[in-house]
């Protein structure tokens with residue numbers, strides 16, 4: 001009798017594990033290439049549909065995507081599909097339903113490679129093509145501000161170069177995962193090879209919330225439990241952990257990489273993955289590039305040092321911010337800088353109600369990146385690639401522009 005009772009108890013205790021085992025089989029039709037502890041972002045839809053439906057339109061989720069006419073901004077019309085070098089050109093062409101960059105010299109075709117992957121979204125797009133199991137960057141990028149094709153950043157400005165290989169480091173900030181093939185399979189022409197089937201494009205849910213298989217399995221079995229189990233929420237992280245998580249990508253390439261960012265999980269220390277320090281003191285922001293060093297620039301701002309703010313104070317990563325106007329961001333500033341706190345902007349008496357519409361241009365002005373520049377067609381001059389600095393401060397030149405505008409419109 002006792003043995004039967006023990007067997008019964010053992011079976012009862014085993015039921016949750018049996019259910020978890022079978023639910024893992026049902027979590028995703030295709031195993032996640034990162035391993036069985038990952039569920040895949042598609043599994044989030046069942047319980048978080050509204051959040052997911054918004055997130056798939058964000059710059060994070062679309063940071064890499066298949067390159068086709070429906071996902072690219074680049075223009076293929078004959079009036080604007082050509083970039084000229086001295087003595088040669090690259091033409092963006094449609095061939096048999098696919099898109100190509102084709103180089104010509106003296107009227108003869110030299111090389112043609114297909115658009116396979118799009119990198120970037122908000123300001124510009126750059127493109128990759130597969131050559132066997134190797135990935136290479138195409139020589140032409142598309143700069144949205146000028147609605148024109150440009151020489152890809154860092155490329156030779158005298159001719160089209162199709163031979164720049166792309167390594168895993170690029171994908172660590174533009175995608176969720178890609179698996180390198182064994183080094184023995186590489187060659188001098190293709191130093192890094194990848195398993196094509198392992199590529200997870202965009203920044204997916206599990207890059208920021210951690211592996212979700214246990215979370216999905218638990219809440220599938222116990223849907224009545226509303227407290228999130230076996231997952232990291234942003235609110236559950238300390239301020240330092242929040243900054244480290246965002247800085248995995250938003251701290252540039254400064255510092256030696258210690259291990260792959262793909263293995264970073266929320267609540268890990270970024271210093272275990274790359275040699276980087278946040279000064280948390282006022283610095284000369286001009287020494288840091290505005291393109292990649294947003295985390296360092298923010299953490300060195302007085303607003304950050306003397307408050308509890310973090311990246312999410314101004315950014316909601318679950319929603320697309322492409323259409324947000326400056327007035328919405330300015331409300332974030334005014335929530336701290338106002339008459340009640342006695343630290344309002346000194347131009348408030350002159351600007352009046354306009355202060356509610358634009359704090360950002362003055363205190364976070366757009367600055368030229370030292371890392372990225374845009375070359376215009378026909379051997380033209382490099383055009384500054386402007387990115388809004390995240391070092392919140394008083395900029396005399398930006399403030400003067402505001403004052404000039406006030407005088408221009410007789411508001412001062």
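The values are calculated or read from the model by the stated rules, or taken from the named source; none is laboratory data. On a predicted model such as this, the values are computed, not experimentally measured, just so you know. Here the Cβ positions follow ideal geometry from the backbone for every residue, glycine too, while neighbour counts run over all protein chains shown.
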In region 61-96, what residues are under 25 Å from the mean Cα position of the chain (by Cα) and surrounded by fewer than 18 Cβ atoms within 10 Å (Cβ to Cβ)? 66, 68, 69, 70, 71, 73, 75
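For every residue, the table says whether it meets (1) in a strand (DSSP E or B); (2) over 24 Å from residue 167 (Cβ atoms).
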residue: 76; (1), (2): no, yes
residue: 91; (1), (2): yes, yes
residue: 102; (1), (2): yes, yes
residue: 111; (1), (2): yes, no
residue: 122; (1), (2): no, no
residue: 125; (1), (2): yes, no
residue: 130; (1), (2): yes, no
residue: 142; (1), (2): yes, no
Testing residue 366 on (1) over 23 Å from the mean Cα position of the chain (by Cα); (2) within 23 Å of residue 345 (Cβ to Cβ); (3) surrounded by fewer than 17 Cβ atoms within 10 Å (Cβ to Cβ), one condition comes back false. Which one is that? (1)
Six or more apart or on different chains, Cβ atoms under 6 Å: show the pairs whose first residue is in region 282-295 and within 24 Å of residue 122 (Cβ to Cβ) and whose second is at pLDDT 80 or above and assigned to a loop (DSSP other than H, G, I, E, B). 285/391; 290/389; 292/252; 293/252; 294/250; 294/390; 295/250; 295/251
Conditions (1) assigned to a helix (DSSP H, G or I); (2) modelled with pLDDT under 95: number failed by residue 154: (1)
Testing residue 47 on (1) in a loop (DSSP other than H, G, I, E, B); (2) touching a helix residue (DSSP H, G or I) at 6+ places or on another chain (Cβ under 9 Å); (3) surrounded by fewer than 19 Cβ atoms within 10 Å (Cβ to Cβ), one condition comes back false. Which one is that? (1)
Tell me, which residue of region 196-247 that is part of a loop (DSSP other than H, G, I, E, B) and in contact with a helix residue (DSSP H, G or I) (Cβ under 6 Å, 6 or more places away or on another chain) is nearest to residue 133 (Cα to Cα)? 204
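Yes or no, residue by residue, for (1) under 20 Å from residue 153 (Cβ atoms); (2) not assigned by TED's automatic domain parsing to the domain that holds residue 153:
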| position | (1), (2) |
| --- | --- |
| 50 | no, yes |
| 57 | no, yes |
| 69 | no, no |
| 74 | yes, no |
| 85 | yes, no |
| 96 | no, no |
| 113 | yes, no |
| 127 | yes, no |
| 132 | no, no |
Out of the residues in region 370-393 that are assigned to a strand (DSSP E or B) and crowded, with 18+ Cβ neighbours inside 10 Å, state the one that is modelled with the highest pLDDT. 387
If you go through region 340-363, how many residues are at pLDDT 80 or above and either closer than 12 Å to residue 326 by Cα or under 34 Å from the mean Cα position of the chain (by Cα) (or both)? 10
Count - residues of region 248-279 that are without any contact (Cβ under 8 Å) to a residue 12 or more places away in the chain and either surrounded by 20 or more Cβ atoms within 10 Å (Cβ to Cβ) or outside any helix (DSSP H, G or I) (or both): 1
Looking at (1) under 21 Å from residue 232 (Cα atoms); (2) touching a helix residue (DSSP H, G or I) at 6+ places or on another chain (Cβ under 7 Å); (3) modelled with pLDDT of 95 or more, which is the only condition residue 24 fails? (3)
What are the pairs with Cβ atoms under 6 angstrom where one residue, in region 77-96, is within 15 Å of residue 108 (Cα to Cα) and the other, located anywhere, is loosely packed, with under 14 Cβ neighbours inside 10 Å? Sequence gap at least six, or different chains. 84/378; 86/379
